[in-house]
Amino acid sequence: MTPWPAWLRLGLLLPLVGANAFVLKRVLVQFAPFPGLFLTAALIAFLLDLPCRWLMGRGFRRSLAIASVVLFTLSLLGLAAVALVPLLVEQLSQLITASPVFLAAAERLIDQGQTWAVAHGLPSDFADLSSDLVTQLSRVATQLSQRLLGILGATVGTTINVVIVLVLAVFLLLGADSITAGLAQWLPERWRERITTTLERTFRGYFAGQVLLALILSAGQLFVFWLLKIPYGVLFAVLIGFTTLIPYTSALTIVFVSAILGVQDPRTGIELLAAAILVGQIVDQVIQPRLMGSIVGLQPAWLLIALPIGARVGAIYGVGDLLGLLLAVPVASCIKSLADAVRSDLRPLESLPAPAER
């Protein structure tokens with residue numbers, strides 16, 4: 001029997017994949033936000049399993065290791081809730097209150113630019129730009145403040161979601177081995193070990209490294225901002241560290257927060273920019289290579305493609321843009337690793353000599 005051409009098999013496969021993706025979307029959207037909560041709990045269980053395995057390697061039973069890690073994690077969360085969260089809320093409220101001052105300073109800078117352009121004979125049609133920019137920034141600031149205050153006000157719903165995620169993470173952590181083995185049984189036998197190994201290495205290595213880098217960067221920024229007496233230093237340090245979880249986003253955050261302070265006090269904005277870049281470069285050049293190594297293995301261009309796709313897929317399937325962004329890089333890395341493995345398996349077959357004609 002003559003095998004079908006590869007292009008024909010692919011053409012028949014794509015409609016099936018599209019139909020299954022459509023059905024999956026319809027199912028997941030009906031259960032939102034639980035798919036997002038479940039994925040978040042799975043990521044937390046992935047991260048907590050690393051210290052559990054480390055303790056088990058030093059003679060702890062798995063149940064005792066899990067109990068120790070969970071209690072330590074809850075203690076850290078409680079300490080952060082008592083010491084850090086009130087300070088973040090206070091600085092966030094101060095920043096929202098001061099937003100009209102920053103907008104007025106930005107408008108003055110635009111007017112000064114228009115005056116300078118007129119004095120030097122350059123195009124000076126900045127009036128509409130100034131009005132539109134201030135209007136847009138005011139609208140964005142109002143919407144952002146309303147959303148942030150809404151998030152802070154929805155304490156009951158947030159608390160319930162956090163409890164659900166933590167309980168799910170503990171149960172997933174308790175049954176990690178059996179759950180992984182059960183899911184692996186659905187995979188083809190000759191690909192089973194390779195897929196599970198790739199997923200475990202990439203997800204655990206990537207998220208463990210990124211979370212540790214975010215904590216180190218936040219602590220470094222917090223210390224430097226405290227020395228320089230940067231306004232809203234705790235809020236900006238945590239924001240920059242958190243956005244490190246998404247590639248290239250921390251650089252945009254640094255520029256954004258520097259511009260916020262720079263419109264009112266250029267010296268403070270430049271100090272923040274220089275300090276954030278310095279600490280970020282130390283983390284990127286000294287600490288990141290030792291923590292991450294070559295876990296991702298993706299070129300920057302592919303990262304930039306994977307991020308918007310991940311955000312869009314997360315929004316479509318009801319798990320959220322943010323979670324889609326967080327999962328985009330490790331998923332893309334796993335796809336690349338598996339595609340390279342398939343290509344390496346096919347290469348020996350292609351290199352075999354053709355049978356001699358009789």
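The values are calculated or read from the model by the stated rules, or taken from the named source; none is laboratory data. This one's a predicted model, so the numbers in the text were calculated from it and none came from an experiment. Virtual Cβ from ideal backbone geometry, glycine too; neighbours counted across all protein chains shown. Side chains included, ligands, DNA and RNA excluded: accessible areas come from the protein's heavy atoms. Shrake-Rupley method; radii C 1.70, N 1.55, O 1.52, S 1.80 Å.
Tabulated results
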{"item": "Approximate spin-label separation Leu338-Asn20, in nm, with each point projected 7 Å along Cα-to-Cβ", "result": "1.0 nm"}
{"item": "R0 of 51 Å, Cβ-Cβ distance Thr197-Lys229: FRET efficiency to nearest 0.05", "result": "0.55"}
{"item": "Estimated distance in nm for a label pair at Gln30 and Thr115, the labels positioned 7 Å out from Cα along Cα-to-Cβ", "result": "6.5 nm"}
{"item": "Probe 1.4 Å - accessible area at Val17, Å² to nearest ten", "result": "80 Å²"}
{"item": "Highest average packing first - 196-204, 98-106, Cβ atoms within 10 Å", "result": "196-204, 98-106"}
{"item": "Theoretical FRET efficiency, 1/(1+(r/R0)^6), r = Cβ-Cβ of Ala105 and Leu12, R0 41 Å, to 0.05", "result": "0.10"}
{"item": "Accessible area (Å², 1.4 Å probe, nearest 10) - Phe223", "result": "120 Å²"}
{"item": "Computed label-point distance, nm, for sites Glu189 and Ala315 using a 7 Å Cα→Cβ extension", "result": "4.5 nm"}
{"item": "Stretchable slack from Ala83 to Ile287, in nm (0.36 nm times residue separation minus alpha-carbon distance)", "result": "70.8 nm"}
